[in-house]
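Shown next, in structure tokens, is the structure this report addresses.
The values are calculated or read from the model by the stated rules, or taken from the named source; none is laboratory data. Quantities reported herein were computed from a predicted structural model and do not represent experimental measurements. Glycine gets a Cβ as well: all are built from the backbone with ideal geometry, and neighbour counts include every protein chain shown.
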Amino acid sequence: MAFNVDNVVRSAVVLVVGLPLTLSVTNLANTTSQLAASGLTPATKVQNNVKEELAEPCLRYMLSKADSKLERAAKNDIDTVFGGEVDYANTCKWAL
């Protein structure tokens with residue numbers, strides 16, 4: 001078996017040029033897949049913020065007795081989040 005310097009140099013050049021390129025493409029693919037998996041679109045961020053604001057009022061609404069002072073206060077708090085009256089039951093199902 002003969003020692004061929006040309007093959008060794010060629011392999012080293014391919015390694016030096018190809019490795020950083022391969023690593024950068026792999027890193028880009030990982031970053032892209034992480035962003036896609038997180039699902040943090042602007043719409044999702046807004047939905048999460050609204051759901052966070054509705055958590056306490058919706059719990060109070062869902063757990064209160066019908067036509068009670070607590071239910072009315074919870075409805076008022078839910079109205080405040082949206083700026084008007086909504087379908088409370090479906091809104092709270094969505095939020096919770």
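Condition check: modelled with pLDDT of 95 or more and within 13 Å of Leu96 (Cα to Cα). Does Ala73 satisfy that?
no
Any residue at all in region 27-47 that's assigned to a helix (DSSP H, G or I), at pLDDT below 95, of a type outside the set (Phe, Trp, Tyr) and surrounded by 12 or more Cβ atoms within 10 Å (Cβ to Cβ)? Spell out how you get there, then give the answer.
Narrowing region 27-47 to residues assigned to a helix (DSSP H, G or I): 27-38, 42-47.
Subsequent filtering for residues that are at pLDDT below 95 retains 27-38, 42-47.
Those left that are additionally of a type outside the set (Phe, Trp, Tyr): 27-38, 42-47.
Of the ones still in play, those that are also surrounded by 12 or more Cβ atoms within 10 Å (Cβ to Cβ) are 47.
Within region 27-47, one or more residues are assigned to a helix (DSSP H, G or I), at pLDDT below 95, of a type outside the set (Phe, Trp, Tyr) and surrounded by 12 or more Cβ atoms within 10 Å (Cβ to Cβ).
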